[in-house]
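A short worksheet on the structure shown next.
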Ligand code: MEV
């Protein structure tokens, strides 16, 4: 193994289509500038993972991920330590588990002297992400690997279409600080869908329509139309039962402070809210005054430096 070695992957934000994407509908997402880095260094004994985030250090699953990733790359799971440095708050909808999977694959590929090509990297990132979530669509590892805006449809392999926003998309992102489980939200929705498939399929079709309207608005630089797509998608997310009073309230605060649209992002149920806001600082300040933590982002056409 060639040590030290390093891998980095982006955090993600889902713009439109979360949850329905698990049921084959399209979604729009983007990689963020903030992300997660894995450094591999020599250390005697079984391979171990050390993290600057206590919630990752105390969780046995990253250790399983490390063993699986090493096996997939034909590397011995010993005599190195993987040090994780994350800029992503865990459990807030920023895709930290997928970013960890992709950054590990990249670090181990560098250590093996054979970095994987993009499709192989994505396939392995998706397989590893299942250590965290039962049946993910694969959109999170795609964002972690791509680091830019894209349209996504799940499949074997998924269809990933990079999108070039005509104008940078200014987002205020708020998260409440109470972590929630994407796996639990996805599982509860599956139960409701099994009981009333026709009703939920129709709602998923409605979400797909907001995704396509949002995609057109993004590439045309029409932020008013993109914001309207956010609001329609949020109403449908509420209808499928993945929103929460807290998310609704944060979305209302953002709209009152001038956002063109606001919705939950990711798994929902107490997670993060995105607001499309020409004046991101003003909207972020209103959200902070409401007790949320905030991040501002400008999504543009770029390929992140990822390795
Ligand atoms: C989680 O970031 C997005 C969900 O749609 C789940 C998935 O696609 O795997 C809720």
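The values are calculated or read from the model by the stated rules, or taken from the named source; none is laboratory data. Computed from a predicted structure; not experimentally measured. Don't worry about glycine lacking a Cβ; one is built from the backbone with ideal geometry, like all the others, and counts go over all protein chains shown.
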Worksheet item: Looking only at residues in region 37-82 that are modelled with pLDDT of 95 or more and within 21 Å of the chain's Cα centre (by Cα), which one is surrounded by the most Cβ atoms within 10 Å (Cβ to Cβ)?
Response: 38
Worksheet item: What pairs come up if the first residue lies in region 119-141 and is at positive phi, the second is near the ligand (Cβ under 9 Å from one of its atoms), and their beta carbons are under 8 Å apart, counting only those six or more places apart or on different chains?
Response: 138/129; 138/152; 138/154
Practice prompt. Check region 194-204 and report whether any residue there is touching a residue at least 40 places away in the same chain (Cβ under 8 Å), surrounded by fewer than 24 Cβ atoms within 10 Å (Cβ to Cβ), touching a strand residue (DSSP E or B) at 6+ places or on another chain (Cβ under 9 Å) and in a helix (DSSP H, G or I).
Written response: no
Fill in: Members of region 232-271 found to be modelled with pLDDT of 95 or more, in contact with a strand residue (DSSP E or B) (Cβ under 7 Å, 6 or more places away or on another chain) and assigned to a loop (DSSP other than H, G, I, E, B), listed by number
259, 260
Worksheet entry | Meets criteria (surrounded by fewer than 16 Cβ atoms within 10 Å (Cβ to Cβ), within 14 Å of the ligand (Cβ to nearest atom) and either at pLDDT 95 or above or assigned to a helix (DSSP H, G or I) (or both)) for residue 191 | no
Worksheet entry | Residues located in region 148-171, provided they are within 17 Å of the chain's Cα centre (by Cα) and within 15 Å of the ligand (Cβ to nearest atom) | 150, 151, 152, 153, 154, 158, 159, 160
Item to complete: Looking only at region 14-33, count how many residues are within 16 Å of the ligand (Cβ to nearest atom) and at pLDDT below 95.
Response: 2
Worksheet item: Do we have any residue at all in region 11-26 that's crowded, with 21+ Cβ neighbours inside 10 Å, more than 30 Å from residue 262 (Cβ to Cβ) and assigned by TED's automatic domain parsing to the domain that holds residue 116?
Response: no
